[in-house]
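A.B. asks: Take a look at the following structure, please.
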Amino acid sequence: MKRFYAVLTPIGYIASNWFVVRESIESGNILLWAHPLDTMAGMFANRIATAFAIDLIVTAFVACVWFYFEGRRLGMMRVWGYWVLTLAFGLAGTLPLFLYSRERRLEELARSGRS
């Protein structure tokens, strides 16, 4: 699975952030943070966009909570970095990156006999 997560990480970051880069260039709304009111207006422009936005916001929150507790349970370092990556670049690349790092950590623990 580790290799699968390694492949999904850049795909997730590129696929979702392609549109963010285009929007950043066209509007000056860098990473969708420079003009937060414009970002919110776009996210909640209609019921369909609102449904996707709320789903993603809740999912990202749950993922960040899980990153913290799973990272702490496994003794992973700098779990806060996954929060930063999620806020800056989204969950599509950060989740598989975390899963890749988690798999590496589980392998380390298994090798040392502390799983």
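Bear in mind these aren't lab numbers, they're just calculated from the coordinates by the rules spelled out. On a predicted model such as this, the values are computed, not experimentally measured, just so you know. With ideal geometry, Cβ positions are generated from the backbone for all residues, glycine too; neighbour counts draw on all protein chains shown.
A.B. asks: Just the residues that are of a type in the set (Gly, Ala, Ser) and either over 19 Å from residue 96 (Cβ atoms) or touching a residue at least 40 places away in the same chain (Cβ under 8 Å) (or both), please, taken from the range 19-77.
C.D. replies: Passing the criteria: 24, 27, 28, 34, 41, 42, 45, 49, 51, 53, 75.
A.B. asks: Could you please let me know if residue 39 is buried (at least 16 other Cβ atoms within 10 Å of the Cβ), closer than 23 Å to residue 11 by Cβ and either in contact with a helix residue (DSSP H, G or I) (Cβ under 6 Å, 6 or more places away or on another chain) or of a type in the set (A, V, I, L, M, F, W, C) (or both)? Talk me through it step by step, then tell me what you get.
C.D. replies: Numbers: buried (at least 16 other Cβ atoms within 10 Å of the Cβ): yes; closer than 23 Å to residue 11 by Cβ: no; either in contact with a helix residue (DSSP H, G or I) (Cβ under 6 Å, 6 or more places away or on another chain) or of a type in the set (A, V, I, L, M, F, W, C) (or both): yes.
No.
A.B. asks: Now for a different question. Within the range 78-115, which residues are in contact (Cβ under 8 Å) with a residue 12 or more places away in the chain and of a type in the set (Lys, Arg)?
C.D. replies: Within the range 78-115, 102, 104, 105 meet the criteria.
A.B. asks: Determine whether residue 94 is polar (S, T, N, Q), part of a helix (DSSP H, G or I) and exposed (fewer than 13 other Cβ atoms within 10 Å of the Cβ). First the steps, then the outcome.
C.D. replies: Numbers: polar (S, T, N, Q): yes; part of a helix (DSSP H, G or I): yes; exposed (fewer than 13 other Cβ atoms within 10 Å of the Cβ): no.
No; evaluated as a whole, the condition is false for this residue.
A.B. asks: While we're looking at this one, here's another question. Determine which single condition residue 22 fails, assuming it passes every other condition in (1) surrounded by 12 or more Cβ atoms within 10 Å (Cβ to Cβ); (2) under 19 Å from residue 93 (Cβ atoms); (3) not acidic (Asp, Glu).
C.D. replies: Exception for residue 22: condition (1).
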